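K.L.:
The structure's right below; bear with me while I get my questions together.
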Amino acid sequence: MSALLPKPRMRGLLNRRLKFHLAGLLLFSGGFAAWHKFGVSEPRKRAYEEFYKNYDAVKEFEAMRETGVFESVQPTKP
Amino acid sequence: MAYPMQIALQNASSPLMEELLHFHDHALMVILLISTSVFYMITMTLTTKLTHINATDAPITETVWTILPSIILVTIALPSLQILYLMDEINNPFLTIKALGHQWYWSYEYTDYKDLSFDSYMILTKELKNGHFRLLEVDHRMIVPTKSPIRILVSAEDVLHSWAVPSLGVKIDAVPGRLNQTTISTHLPGLFYGQCSEICGANHSFMPIVIEAVPISHFEDWSWATTQ
C-alpha cells in the first residue's frame, strides 16, 4: 500500500517557503518602489521641465494683469 | 496655492521648492519600499504554521539587517544635505524685506526704500470680493519682483509666529528679539499664499501671508508710487 503514494516532502519546508517569499518580497516592494519612481517621480520631473521649456513669464503676467488679480498693477483695459 | 482634497505638497513656484518636491518623492519611494517589505514579511509570518525550532544564532541575518538600513539612511541623507546647504547659499539678494509678526497681522518693511512699510491684515469673510479666497486674502500684499533673490528678515513684536509660504518652500520662525534670515526667489509672476505657522493666540489662523510677484519694472513703479 505504501508504494502507491509518493513519500511527501518532510524536511526543509520553512527554508523553501523563505526562499520563495524572499523573491516575492523583492518583487512586491521593488515593484511598488519602481511604480513610485517611474509613475510619480519621473513624470513630475518631466512635467516641470515641460512647463518651463516654453514658459513666457511676460505673457503670463500680462494675462494675469488683465484679469485684475494684482494689487500693485491695474489692468490696461478698463 | 492649496486646493480642495489636496494630499500632496503644493506646486513649486521657486527652484528651491522644486528640489524639495523631488527630494520628497525620493524619500517617499524609500518609505514605500520599507513599508511594503515589512507588510509583506508580517503577512507571511502570520499565515504559516511552519517554524524554526532552533533559531538561536543568525549572524548573516543580523549583519544584513544592520548594514542595509544604514545604506538606506545614507541614500536619504545625501540629497537631504545637498538641499540643506543649497538653502543656505548666499546669492547676493537684490532687495531686503522685513516681515514682522504681530498679534494678529504681519507688517512688512522695505528699508531699502524710504518710508515704505505697511501692515497686512486678513480680509474678513464678509468683505471678500468675487474670486477672493476665504481666510487667505489680505488688505496689503507683500509685493516682490520676479527673478530676483530677495532677503527676508523675520522677527516678531510680541509672541512666536512663523512666516510660511508653502509654494516657495519657505517657513521661518518669527521670534521676538531675534532676526531670522532666508532668501526667496521666484521665476513665476502671480500670487503665493501662506499662513502663520506657529500658534500665537486666538487669531493664529487668521493672519495669512500673500506675496504678489510682478516683473521688476512694475515693482519699481509700485515702490515709487507708494513712497510718494
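K.L.:
Determine the calculated [θ] at 222 nm for chain B from helices alone, applying -39500 (n - 2.57) to every DSSP H run no shorter than 4 residues and normalising by the residue count; nearest 500 deg cm²/dmol.
P.N.:
-11000 deg cm²/dmol
K.L.:
If you wrap segment B:15-86's Cα atoms in a convex hull and average its projection over all directions, what's the area in nm²?
P.N.:
Its Cα hull, projected and averaged over all orientations, spans 6.2 nm².
K.L.:
Packing-wise, with mean Cβ within 10 Å as the measure, how do A:30-39, B:160-169 rank, highest first?
P.N.:
My ranking of the peptides, most packed first, is B:160-169, A:30-39.
K.L.:
Let me ask something else. Relative to the longest principal axis of the C-alpha atoms of chain B, give the angle of the C-alpha long axis of helix B:15-46, reported between 0 and 90° and rounded to the nearest 10°.
P.N.:
Approximately 30 degrees, to the nearest 10.
K.L.:
Just tell me how shielded A:70-76 is by partners: mean number of partner chain Cβ atoms within 10 Å of each residue's Cβ, no decimals.
P.N.:
Details: counts 10, 10, 13, 10, 0, 0, 0.
What the average comes to for A:70-76 is 6.
K.L.:
In a GNM of chain B with a 10 Å cut-off on Cα contacts, which of B:Ala156, B:Ala12, B:Ala202 has the highest mean-square fluctuation?
P.N.:
In the Gaussian network model the winner is B:Ala202.
K.L.:
Quick check: the distance between the Cα centres of segment A:41-78 and segment B:166-183, to the nearest angstrom?
P.N.:
Each part reduced to its Cα centre gives a spacing of 26 Å.
K.L.:
If one takes the longest principal axis of the Cα atoms in chain A, at what angle in degrees, from 0 to 90 and to the nearest 10, does the Cα axis of helix A:42-53 lie?
P.N.:
Its long axis makes an angle of about 20 degrees.
K.L.:
Please give every one of the lysines within straight-line cross-link reach of A:Lys19, meaning a C-alpha to C-alpha distance under 29 Å, and leave out same-chain neighbours fewer than 8 residues apart.
P.N.:
Counting by Cα, and skipping residues close in sequence, A:Lys19 has these lysines nearby: A:Lys7, A:Lys37, B:Lys49.
K.L.:
Let me ask another. How far is helix B:59-87 tilted, in degrees, relative to the longest principal axis of the Cα atoms in chain B, given as a value from 0 to 90 rounded to the nearest 10?
P.N.:
10
K.L.:
Convex hull over the alpha-carbon atoms of the protein assembly as shown: what's its volume per residue in Å³?
P.N.:
Looking at the protein assembly as shown, the number lands at 235 Å³ per residue.
K.L.:
Moving on to the next point. For segment B:101-117, in order, what is each residue's ³J(HN,Hα) by Karplus, 6.51 cos²θ - 1.76 cosθ + 1.60 with θ = phi - 60°, in whole Hz (x at glycine and Pro)?
P.N.:
For segment B:101-117, the Karplus-derived couplings read x, 10, 8, 9, 7, 10, 10, 10, 10, 9, 6, 5, 10, 7, 6, 10, 8 Hz, x marking Gly and Pro.
K.L.:
So, one more: Output the antiparallel fraction of DSSP beta bridges having both residues in the protein assembly as shown, as a percent to the nearest 5.
P.N.:
70
K.L.:
Further question on the same structure: Local charge sum around A:Ala23 (other residues, Cβ-Cβ under 13 Å, Lys/Arg +1, Asp/Glu -1)?
P.N.:
Combined, the nearby Lys, Arg, Asp and Glu give +3.
K.L.:
Would you mind finding the longest exposed-site-free stretch of chain B, with exposed trypsin sites (Lys or Arg not before Pro) meaning DSSP loop and at most 12 other Cβ atoms within 10 Å?
P.N.:
Value returned for the longest uninterrupted segment is B:50-113.
K.L.:
Binned at 5 Å from 0, what are the whole-percent values of the Cα-Cα distance distribution for segment B:95-227, short to long?
P.N.:
Answer for segment B:95-227: a P(r) of 2, 11, 21, 25, 21, 14, 6, 1 percent.
K.L.:
Also: On the Cα set of chain A, report Rg and Dmax in Å, please.
P.N.:
Calculated on Cα positions, Rg and Dmax stand at 31.1, 101 Å.
K.L.:
Additional query: Projected area of segment B:28-164, taken from the Cα convex hull and averaged over every viewing direction, in nm²?
P.N.:
Over every viewing direction, the Cα hull of segment B:28-164 projects on average to 16.7 nm².
K.L.:
Under 8 Å for C-alpha pairs, at least 6 residues apart: give me the relative contact order for segment B:161-204, rounded to a whole percent.
P.N.:
Over segment B:161-204, the number comes to 46 percent.
K.L.:
Restricting to Cα pairs below 8 Å that are 6+ residues apart, what does the relative contact order work out to for chain B? Please round to a whole percent.
P.N.:
Values: 397 pairs, mean separation 48.6, N = 228.
Answer for chain B is 21 percent.
K.L.:
About the Cα centre of chain A, what is the dipole size in debye to 20, counting +1 per Lys and Arg Cβ and -1 per Asp and Glu Cβ, all else neutral?
P.N.:
Using Cβ point charges on Lys, Arg, Asp and Glu, chain A gives about 1300 debye.
Quick note: the coordinates plus some simple rules give every number you see, no bench work behind them. This is a predicted model, so every value here is computed, not measured. No Cβ is skipped: glycine too gets one built from the backbone with ideal geometry, and neighbour counts run over all protein chains shown.
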